[in-house]
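Peer 1: Structure below; questions to follow.
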Amino acid sequence: MSNMFCDRLAAAILEKRSHVVVGLDPNYSLLPREITESWGSDAPSTEATCEAYRRFIFPLLEVLTEEAVAVKIQAAFFEALGWEGMRLFEEAVGEAQRLGYLVIADAKRGDIGNTAEAYARAHLDVMGADALTVNPYFGTDGMEPFLQRTRNQGKGLFVLVKTSNPSSSDLQDLVLGDGRLVYEAVGDLVQHWARESRGGRGWSAVGAVVGGTHPSQARQLRQRIPEVPFLIPGYGAQGATASDLQGLFGTDRVGAVVNSARAILYAHRTSEKPWLDAAREEAAAMRRALWEVSGGG
């Protein structure tokens, strides 16, 4: 198999018949009681919070291997716990990869020159994630340290293009002098960057973050940037459904993956089943729903 991220992702999608990405956004107040009973309902010390997260995340990874192709680890929740949290972040990357997941570090990094190089080295080299979310606001020179790793190291990127939050339109929908919207111009840049990192199926290792909460804009972007795989947030707790995403996966079904965090991680809060069973059931239902709609292109 090709070492390119896009080819590894495509192979995982087809093997598991899944587009599911599990977002690891741990929140102590939402953890199962079986985990927090040792410390109580209020967040304990940093060390104890890290241990609670470890007892939560690692069993989840074990039971979701058949349902999800990747995990998206939200760096902020670990950075908030200092060096102990970042050690847990690195442990989670390694454990997820050991179990066969691709790992997306969701850090939304961006800067220029040596700082961008340091961000790329930290998350893709030292921490060892397979892919990273990046902010393109600094332009091509700020992207280059990240892009180099898609060309030379088999890494992947997901560039913020049209995000899922309600106020994304404040900036992303502004009209430029040439008539394009800001998110369209960013999409065009991503398509340009993507051409140097295409894999065996024609998809690139340079992808785009495109919110499922904006289905019409997402479909328009699918036509505009046809070589660029999508990482789609907004499914589940934010309101996007499988039917909203029809037409975003490409004719070969491997052009998009869909993230869900709260709906899977905390499924036990609306279920009478044990927490691991509830999470697995939610992820399985998501996998089936997305696979059904992905056949439409």
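The values are calculated or read from the model by the stated rules, or taken from the named source; none is laboratory data. Since the structure is predicted, the reported quantities are computational estimates derived from the model, not experimental observations. Glycine gets a Cβ as well: all are built from the backbone with ideal geometry, and neighbour counts include every protein chain shown.
Peer 1: Check the stretch 118-128 and report whether any residue there is out of contact with any helix residue (DSSP H, G or I) (no Cβ under 7 Å at 6 or more places or on another chain), within 18 Å of residue 21 (Cβ to Cβ) and not in a helix (DSSP H, G or I).
Peer 2: No, because not a single residue in the stretch 118-128 is out of contact with any helix residue (DSSP H, G or I) (no Cβ under 7 Å at 6 or more places or on another chain), within 18 Å of residue 21 (Cβ to Cβ) and not in a helix (DSSP H, G or I).
Peer 1: Considering only residues of the stretch 135-166 that are assigned to a loop (DSSP other than H, G, I, E, B), touching a residue at least 60 places away in the same chain (Cβ under 8 Å) and of a type outside the set (Gly, Ala, Ser), which is surrounded by the fewest Cβ atoms within 10 Å (Cβ to Cβ)?
Peer 2: In this case the residue turns out to be 163.
Peer 1: Can I ask one more? In the stretch 80-99, which residues are without any contact (Cβ under 8 Å) to a residue 40 or more places away in the chain and either closer than 18 Å to residue 131 by Cβ or of a type in the set (Ser, Thr, Tyr) (or both)?
Peer 2: Those that are without any contact (Cβ under 8 Å) to a residue 40 or more places away in the chain and either closer than 18 Å to residue 131 by Cβ or of a type in the set (Ser, Thr, Tyr) (or both): 89, 90, 93, 94, 95, 96, 97, 98, 99.
Peer 1: Now for a different question. Sort out which residues of the stretch 277-286 are surrounded by 18 or more Cβ atoms within 10 Å (Cβ to Cβ) and either more than 18 Å from the chain's Cα centre (by Cα) or farther than 10 Å from residue 260 by Cβ (or both), and write them in order of number.
Peer 2: Across the stretch 277-286, the qualifying residues are 278, 279, 280.
Peer 1: How many residues are more than 20 Å from residue 230 (Cβ to Cβ) and in contact with a Pro (Cβ under 9 Å, 6 or more places away or on another chain) if we restrict to the stretch 122-149?
Peer 2: Residues meeting the conditions: 1.
Peer 1: Report whether or not residue 67 is within 19 Å of residue 262 (Cβ to Cβ) and acidic (Asp, Glu).
Peer 2: So residue 67 fits the description; yes.
Peer 1: With the checklist (1) in a helix (DSSP H, G or I); (2) at pLDDT below 95 in hand, flag the one item residue 289 doesn't pass.
Peer 2: Failing condition for residue 289: (2).
The rows are residues; the columns are (1) acidic (Asp, Glu); (2) modelled with pLDDT of 95 or more; (3) more than 23 Å from residue 254 (Cα to Cα).
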residue: 39; (1), (2), (3): no, no, yes
residue: 43; (1), (2), (3): no, no, yes
residue: 56; (1), (2), (3): no, yes, yes
residue: 59; (1), (2), (3): no, yes, yes
residue: 66; (1), (2), (3): yes, yes, no
residue: 72; (1), (2), (3): no, yes, no
residue: 90; (1), (2), (3): yes, yes, yes
